[in-house]
Amino acid sequence: MNQRIAKLRQRLAAEGLDALLVSAPENRRYLSGFTGSAGLLVIPVSGDSLTLATDFRYVEQAGVQAPAFHVQQIAGGWDWAPKLFAELGVHKVGFEAGHLTYDTYQQLVKAVAEGPARDQTSFVPTTSLVEPLRAVKDAEELASLQRAIDISDRALDEVAPTIRPGETEVAVAWRIEQRIRELGAESVSFELIVAAGPNGAMPHHRPSGRPIAAGEPIVMDIGARAGGYCSDLTRTVCVGRPDATYKKVYDTVLAAQLTAIATMRPGMTGKEADALARVVIEQAAHGERFGHGLGHGVGLAIHEQPTVGPRSTTVLEQGMVFTVEPGIYIPGWGGVRIEDVVILQRDGARVLSHARKTDMLPGGRV
Ligand code: ZN
Ligand code: ZN
């Protein structure tokens, strides 16, 4: 935690901020260790004073989980904030513009206007101060991530061969979710996706009561949460004999994914990494059917930095963890997506997920 705070402070200094008010739950947890659902951090650019303000429900928990922070009990309202800013002598206070609601912001401004340091306090909207730090994972984070990844790998490997024609998408999704829980996850990391046949043409289809038919592609996008960290895994399989389209589309998506994984390097932008896979899909004349980015960072949040997509100027660095998930979606027919989580190392990407893929062949069949 101390290293994380130290790195954040460098960023605050570079921005000319005296302090940052942290309200985003994942950032709060990342910087303090506190896992509760309500609370704010006040992190001054220097000095020993770190404050975690939370309400009665969480005071005891916060004291245990965030020993580096002084826990201040609050009870609704913002009168504590101007007092604390005055005590700390901080004037330019950053807030997280992507998370703090406009209503909360107005209450905060009002409290300060009525408080002891009204003429000296200004609020500065900030974006992406903590998030880039979270993109590069440390050893402790990687251990939790790997646990989450191992659980979803195993759940998928166990459930995929049991799928039978006539079963509904929701039944399969529930079986995977149960298995994820049984294998020790805290929860699933998002609402699991099971999309068979034409439903697979919608990348984020919600599982329905539609029965799965033999021969149609089944996209399963699943994830587990362990130690607060999320896994994200997609496999596409087919029960029974697939059609000719399936084989071609599957092989194209797989080739795109393996090409990107084998050739991406630190120093590339997100856009350049995305292009490694996109060109393979374009060459197969499916370019317009790959309508989303190649991947996204994954950690305390299921979608976080870095963004790996056609508009991403983010430079990919060693230690970043993100998904590689090309897909092809054909309206009326269905879709194929294959997703793994990788960590970028000095000489390229190392794949962290190991659910069966190529050995489901021919054509990803189970
Ligand atoms: Zn996914
Ligand atoms: Zn994903």
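The values are calculated or read from the model by the stated rules, or taken from the named source; none is laboratory data. Note that the coordinates shown come from a computational prediction; the quantities given were computed from them, not determined experimentally. Please note: Cβ atoms are built from the backbone with ideal geometry, for glycine as well, and neighbour counts cover all protein chains shown. In case anyone asks, the SASA skips ligands and DNA or RNA and just uses the protein heavy atoms, side chains included. Shrake-Rupley method; radii C 1.70, N 1.55, O 1.52, S 1.80 Å.
Brief remarks on what is shown
For every residue, the table says whether it meets (1) modelled with pLDDT under 95; (2) under 24 Å from residue 169 (Cβ atoms); (3) crowded, with 24+ Cβ neighbours inside 10 Å; (4) more than 22 Å from the chain's Cα centre (by Cα).
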position	(1), (2), (3), (4)
231	no, yes, yes, no
255	no, no, no, yes
259	no, no, no, yes
311	no, no, no, no
314	no, no, no, no
317	no, no, no, no
331	no, yes, no, yes
334	no, yes, yes, yes
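- Listed by position, the helices (runs of 4 or more DSSP H) inside region 9-97 whose residues that are open to solvent by 10 Å² or more (accessible area, probe 1.4 Å) and hydrophobic (A, V, I, L, M, F, W, C) number at least 2 are 59-65, 80-88.
- Residues that are of a type in the set (Ser, Thr, Tyr) and open to solvent by 50 Å² or more (accessible area, probe 1.4 Å), drawn from region 151-208: 162
- Strands (runs of 3 or more DSSP E) lying entirely in region 271-355 (those with 3 or more residues that are closer than 25 Å to residue 29 by Cα): 295-297, 304-308, 321-324, 340-345
- Flag for residue 142 being touching a helix residue (DSSP H, G or I) at 6+ places or on another chain (Cβ under 6 Å) and closer than 20 Å to residue 300 by Cβ: no
- Residues located in region 119-137, provided they are surrounded by fewer than 18 Cβ atoms within 10 Å (Cβ to Cβ), in contact (Cβ under 8 Å) with a residue 40 or more places away in the chain and in a loop (DSSP other than H, G, I, E, B): 128
- Failed item, numbered, when residue 212 is tested on (1) closer than 24 Å to residue 353 by Cα; (2) away from ligand 1 (no atom under 13 Å from the Cβ): (1)
- Screening residue 277 with (1) in contact (Cβ under 8 Å) with a residue 60 or more places away in the chain; (2) within 16 Å of ligand 1 (Cβ to nearest atom) gives one miss only, at (1).
- Subset of region 173-200 (residues that are away from ligand 1 (no atom under 16 Å from the Cβ) and not in a loop (DSSP other than H, G, I, E, B)): 174, 175, 178, 179, 181, 182, 196, 197, 198
- Matching residues, region 266-290, being surrounded by fewer than 21 Cβ atoms within 10 Å (Cβ to Cβ) and within 23 Å of residue 189 (Cβ to Cβ): none
- Any hit, region 201-218, residues being within 16 Å of ligand 2 (Cβ to nearest atom) and assigned to a strand (DSSP E or B): no
- Annotation note: Cβ proximity below 9 Å between a residue of region 280-291 that is closer than 10 Å to residue 252 by Cα and a residue that is part of a loop (DSSP other than H, G, I, E, B) (sequence gap 6+ or interchain) occurs for 280/326; 281/290; 281/326; 282/290.
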